[in-house]
There are 2 protein chains.
Amino acid sequence: MGKQQNYGIKEIAKRANVSIGTVDRVIHKRKGVSEKTRLKILKIIEELDYQPNVLASRLASKKIYRIGVLVPSASKETDFWNAPINGMKRAAEEIKQYGVEIYYCFFQLHSRDSFLTQIDNLWKKEVHGVILSPLFKEDARQFVADCNKQKLPLVYIDSYLEDQKALSYIGFNLNDSGRQVAQLFDYCLDGKDKILVANISWKIDDFHIEQGFRSYLIDKGSTRPVIKVDIRHTDYAYIKDSLQNLLKDHTDIKGIFVTNSRVNIVAKFMEDIGRKDIFIIGYDMTEENLKYLKNGTIHFLICHKPEFQGYQGIMTLYQYLVLGADVKEMQYMPIDILTNQNYQYYQMSNEL
Amino acid sequence: MGKQQNYGIKEIAKRANVSIGTVDRVIHKRKGVSEKTRLKILKIIEELDYQPNVLASRLASKKIYRIGVLVPSASKETDFWNAPINGMKRAAEEIKQYGVEIYYCFFQLHSRDSFLTQIDNLWKKEVHGVILSPLFKEDARQFVADCNKQKLPLVYIDSYLEDQKALSYIGFNLNDSGRQVAQLFDYCLDGKDKILVANISWKIDDFHIEQGFRSYLIDKGSTRPVIKVDIRHTDYAYIKDSLQNLLKDHTDIKGIFVTNSRVNIVAKFMEDIGRKDIFIIGYDMTEENLKYLKNGTIHFLICHKPEFQGYQGIMTLYQYLVLGADVKEMQYMPIDILTNQNYQYYQMSNEL
DNA sequence: TCGTATTTCGTGTACGTTAACGCAATATAA
DNA sequence: TTATATTGCGTTAACGTACACGAAATACGA
């Protein structure tokens, strides 16, 4: 609409009767300017609503912004982390002109040692910002504290430590995610059908999800029976055994909610025993999960824009470091519901 | 990872034993260069995999790119178009540094005259690219033809003309969208429950959606009864009348599928007659629809990232005009499933 | 052959910002 | 007082590209 005249430091300098050098010093909060002229210049900057020209700024500056990324590597067990990494690479491509470089430090999902090793690794890079998946809570807590001490901006991705503040959190609301799943079951099953909630993980990390799941049913005054199982191993044989026993004890199970991306293992089991009458919902569109979503064994997958999480993680640090902008502390991803009818459009390939 | 040396036109000039001026002429395909040196320079550009520095390029160029936007204005009847407009404004904010300016030409949803007026309006602006919602097919067809003749890049948004090519289409796949709705009903209703498909519009524009809806049921071998009604007026009194008659004739209707964003009118009717046993699915998270989604009268809303559609429309033209990049001809939006449990996270504020 | 037109190319300035350099003016120490 | 630091500020050369201007080289006509 309005042809808005954009003033630069030259105009500011002219109005303040100083040189552009002085204006530059004020803008960059460098020293060598008397308080009097500093205030005068700041006032004019305010008046003109000066917006620095990022292009020219970047062109003249040779500053390099290094971002360290500390996340699990994609493993045979789950390729989930491929998606955020792709998003980060896409972001990096977009903003490499602005001197942003990314250093990936991948640790093993189950190895605390590798996590510690990669932290050391990261410190050596002398980065200006960090993206962290704080899976090993204790060590992560220490690491975040160190970053805070050094005023290193840090962005949590996928999960966060409630007792350790950071620049931003990018991920989803576990509780509401669980509630959504409860609603889907409630819509798709009869009122009295029994549901099995299965946490398949070497540690218990689904507390909030289960909480949300149950809270929805309570809110609705549902009398639906729900049983919970924790399966602490992720190999097929063990899981098969556990499920077999469960289905024997509870022949009336009509739905299974797997609280993470291992839902494909349950699906495989269902196929193996030839049962197609159980409604299955799980998390994340990994390759394996997609297989069973396509053939109808898995009915819904809940996703939280994994690729965009990575993209947004990088962009958040870019906005903070390069543009000096404020960033939101909590950036919740949508709760996306995927089926074999809409999964094909869920390839947020080019940004947005 | 790799510290990749980025060469500029200076390096190219040096290697070709010419001045940067000549290199510049070759890059911009201006005349005044002998074929021999042109080829030599092109070869070197190829070898070095020269990537122009967009920042410097923009800084040095005073070129302005004007984009004309020809879409319906948000009306009392539906505020749907607010969302794409917001997305466009967000995009404009992001790339204004690159000299992109946007001219909005809003026409009235039901007034062909206003559409023609706005076309005239647009021509006066001498834009370099156009975003079009081709609701008035005949006139739009002529307009797109004119744009093509003038080599004006044009991006369809929300719907497109199959017989008139353009640079890109941003919207969704109507057929698959209808299929998704059919699956949701199939999951949530009993196998024999009757569904009413309602098209509430002054013209018939849901052909592909209904087609997709029915094709899913056929593929599944479903024997579910489906009836269709076209309601050609959008005022509550008329719709109420139509629905009242339908529900009297078909007392066994368990689900209603409204093929556009007018689903809130049906929801209001259901509330007024106090029926809560009918499963309702419709389109778009408009303010009115959201009201009934929240209170549980509407069960699912299908959305197609309206805000992102606008954002992507602008970005597509930006990439084509400013960056000279190739763009995808069909850019399908995801088929998002919204409930009263996840709608609150569907504020795709920043990208995607 | 000379003169002119045309083609082909190099030079220079500008875009808005960064940051090094250096010169005054003032303060501090001797 | 003079010598030396320190503070406050202006000047200037980049950054990589766009484009106007004009110079050199070549072609063409007589």
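The values are calculated or read from the model by the stated rules, or taken from the named source; none is laboratory data. Keep in mind the model is a prediction, meaning the values are calculated, not measured. Because the Cβ atoms are built from the backbone with ideal geometry, glycine has one as well, and the counts that use them run over all protein chains shown. These area figures cover heavy atoms from the full protein model, side chains too; ligands, DNA and RNA do not enter into them. Shrake-Rupley method; radii C 1.70, N 1.55, O 1.52, S 1.80 Å.
Find me the longest stretch of chain B that has none of the exposed GluC sites (Glu not before Pro), where exposed means in a DSSP loop (not H, G, I, E or B) with at most 12 other Cβ atoms within 10 Å. The answer is B:163-328. Which residues does a label at A:D146 reach in segment A:109-132, if reach means a backbone N under 16 Å from a point 7 Å past the Cα toward the Cβ? Flagged as within label range: A:112-132.
If I take R0 = 30 Å and measure r between the Cβ atoms of A:S222 and B:D272 in this structure, what FRET efficiency does the formula 1/(1 + (r/R0)^6) give, to the nearest 0.05?
For A:S222 and B:D272, the calculated efficiency is 0.60.
Convex hull volume per residue, computed on the Cα atoms of segment B:101-146, equals 70 Å³.
Using the Cβ-Cβ distance between A:W202 and A:N82 with R0 set to 22 Å, the FRET efficiency from 1/(1 + (r/R0)^6) comes to roughly 0.60. Relative contact order for segment B:245-352: what is it in percent, counting Cα pairs under 8 Å that are at least 6 residues apart? Computed value for segment B:245-352: 23 percent relative contact order.
Ligands, DNA and RNA excluded, the heavy atoms of B:R30 present near 120 Å² of accessible surface to a 1.4 Å solvent probe. As a ratio to 2.2 N^0.38 Å, the alpha-carbon radius of gyration for segment B:2-103 is 1.60.
Computed with a 1.4 Å probe on the full set of protein chains, the accessible area for B:K43 sits at about 130 Å². Cut-off 10 angstrom, C-alpha nodes, Gaussian network model of chain B. Which of B:I265, B:I209, B:I273 fluctuates the most? Evaluated over chain B, the most mobile residue of the options is B:I273. Normalised by the number of residues in segment A:9-52, the average gap of Cα pairs under 8 Å and 6 or more apart makes the relative contact order 36 percent. Measuring r between the beta carbons of B:K89 and B:A60 and using R0 = 35 Å, the FRET efficiency lands at 0.80.
Would you pull out the residues with amide H under 5 Å of A:E101's amide H, same chain only if 5 or more places away, H placed 1.01 Å from N? Counting only residues 5 or more places away or on other chains, the set is A:Y65, A:R66, A:I67.
Take every pair of alpha-carbon atoms less than 8 Å apart whose residues are at least six positions apart; their mean separation over the length of chain B yields a relative contact order of 17 percent. Under a 5 Å amide H cut-off, with hydrogens placed 1.01 Å from N, B:I157 pairs with B:L132, B:S133, B:I170 among residues at least 5 apart or on other chains.
Can you sort A:R58, B:R275 by 1.4 Å-probe accessible area, starting with the largest? Don't skip to the answer; put the middle values down first.
Working: A:R58 40, B:R275 65 Å².
Correct descending sequence by accessible area is B:R275, A:R58.
The 3J(HN,Hα) values that the Karplus relation (6.51, -1.76, 1.60; θ = phi - 60°) gives for segment B:117-124 are, in residue order, 4, 5, 4, 4, 3, 5, 4, 5 Hz. Gly and Pro appear as x. Among the listed pairs A:K291/B:K220; A:K165/A:K220; B:K228/B:K268; A:K137/A:K165, a Cα-Cα separation exceeding 23 Å is found for A:K165/A:K220. Can you list the residues of segment A:26-46 with backbone N under 14 Å from a point 7 Å past the Cα of A:E11, pointing along Cα to Cβ? In segment A:26-46, the label zone of A:E11 (backbone N under 14 Å from the point 7 Å along Cα→Cβ) covers A:44-46. Rounded to whole numbers, the Karplus 3J(HN,Hα) couplings from phi for segment B:311-316 are 4, 5, x, 4, 5, 5 Hz, using 6.51 cos²θ - 1.76 cosθ + 1.60 with θ = phi - 60°, and x at Gly and Pro.
With a 1.4 Å probe and all protein chains in place, put A:D186, A:D326, B:D120 in order of accessible area, largest first.
Numbers: A:D186 45, A:D326 150, B:D120 90 Å².
Descending order: A:D326, B:D120, A:D186.
Tell me which lysines have Cα within less than 21 Å of B:K63's Cα, excluding those fewer than 8 residues away on the same chain? Output for B:K63: A:K3, B:K29, B:K31, B:K89, B:K96, B:K124, B:K125, B:K151.
Across segment A:75-85, computed HN-Hα scalar couplings (Karplus, 6.51 cos²θ - 1.76 cosθ + 1.60, θ = phi - 60°) run 10, 4, 5, 8, 9, 3, 6, 4, 5, x, 4 Hz from first to last residue, x flagging Gly and Pro.
Could you tell me what a quarter of the Cα convex hull surface of the protein assembly as shown works out to, in nm² with one decimal place? Walk me through the numbers on the way to the answer.
Working: hull surface 146.6 nm².
Result: 36.6 nm².
Give me log10 I(q)/I(0) at q = 0.12, 0.13 Å⁻¹ for chain B, Debye formula, one equal scatterer per alpha-carbon, no solvent. Each listed q corresponds, in turn, to -0.92, -1.02.
Between the amide H of A:I256 and those of A:L196, A:F279, A:I280, A:I281, distances stay under 5 Å, these residues lying 5 or more places away or on another chain, with hydrogens modeled in the peptide plane.
What quantity of accessible surface, computed with a 1.4 Å probe and excluding non-protein components, is buried in total between chains A and B, in Å² to the nearest 100?
Values: alone 18780 and 18780 Å², together 33320 Å².
Adding both sides of the contact gives about 4200 Å².
With both labels modelled 7 Å from their Cα along Cα-to-Cβ, the A:E46 to A:Q97 distance reads 3.4 nm. For segment A:191-208, the residues whose backbone nitrogen is under 20 Å from a point 7 Å from the Cα of A:H233, taken along Cα to Cβ, are A:198-205.
Working from the pairwise distances between different alpha carbons, so that the mean of 1/r is found and then inverted, what is segment A:9-52's Kirkwood radius in Å?
On the way: mean 1/r = 0.1000 Å⁻¹.
It is 10.0 Å.
Could you work out [θ]222 nm for chain B from helices alone, using -39500 (n - 2.57) per DSSP H run of at least four and dividing by all its residues? Round to the nearest 500 deg cm²/dmol.
Details: 13 runs with 155 residues, N = 352.
It lands at -13500 deg cm²/dmol.
Largest first, the residues B:V197, B:V33 sort by 1.4 Å accessible area into B:V33, B:V197. Among the trypsin sites (Lys or Arg not before Pro) in segment A:97-194, those located in a DSSP loop and surrounded by at most 10 other Cβ atoms within 10 Å of their own Cβ are A:K151.
For A:H233, the accessible surface of its heavy atoms amounts to roughly 90 Å² (probe 1.4 Å, protein chains only, rounded to the nearest 10).
A label point on B:K276, set 7 Å along the Cα-to-Cβ line, lies at 3.6 nm from each of its counterparts in the other copies, closest listed first.
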